[in-house]
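Have a look at the structure below, then the notes.
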Amino acid sequence: MCNLKTFAKAISYRLADEWYGASEFPEDAILLRRVLEKLLTENPEDCKKLIGTGIIEEDYFEQL
């Protein structure tokens, strides 16, 4: 499995990108991404809970 920091970054990008205001408020989407990445990195157990869900698949980083 990829390290949690890599997953935290991917999760934060996905959630910030899919936020309904991302296109109208791109600077806020960047802020959201940064905050989420920091929170997930600082809370690895919470980050692990999201892996393998509809938010990010467990095999997200596996090579094809």
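Name every residue in region 3-48 that is basic (Lys, Arg) and either part of a loop (DSSP other than H, G, I, E, B) or closer than 19 Å to TYR60 by Cβ (or both), in order of residue number.
Residues of region 3-48 that are basic (Lys, Arg), as a first pass: 5, 9, 14, 33-34, 38, 48.
Correct list: LYS5, LYS9, ARG14, ARG33, LYS48.
I'd like to verify a number: residues in region 18-41 that are loosely packed, with under 13 Cβ neighbours inside 10 Å, of a type outside the set (Gly, Ala, Ser) and either touching a residue at least 12 places away in the same chain (Cβ under 8 Å) or touching a helix residue (DSSP H, G or I) at 6+ places or on another chain (Cβ under 9 Å) (or both), how many? Give the derivation first.
Let us first name the residues in region 18-41 that are loosely packed, with under 13 Cβ neighbours inside 10 Å, namely 18, 20-21, 23-24, 26-27, 30-31, 34-35, 38.
If we keep only those that are of a type outside the set (Gly, Ala, Ser) as well, we get 18, 20, 24, 26-27, 30-31, 34-35, 38.
From the residues that got through so far, the ones that are either touching a residue at least 12 places away in the same chain (Cβ under 8 Å) or touching a helix residue (DSSP H, G or I) at 6+ places or on another chain (Cβ under 9 Å) (or both) too are 30-31, 34-35, 38.
The number of residues fulfilling the criteria is 5.
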TODO: Could you tell me which numbered condition ASP46 fails, if it satisfies all but one of (1) touching a Leu at 6+ places or on another chain (Cβ under 8 Å); (2) touching a residue at least 12 places away in the same chain (Cβ under 8 Å)?
DONE: (2)
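Since every read-out is calculated from the coordinates, none of them should be taken as a lab result. All of these numbers come straight from a predicted model, not from anything done at the bench. Because the Cβ atoms are built from the backbone with ideal geometry, glycine has one as well, and the counts that use them run over all protein chains shown.
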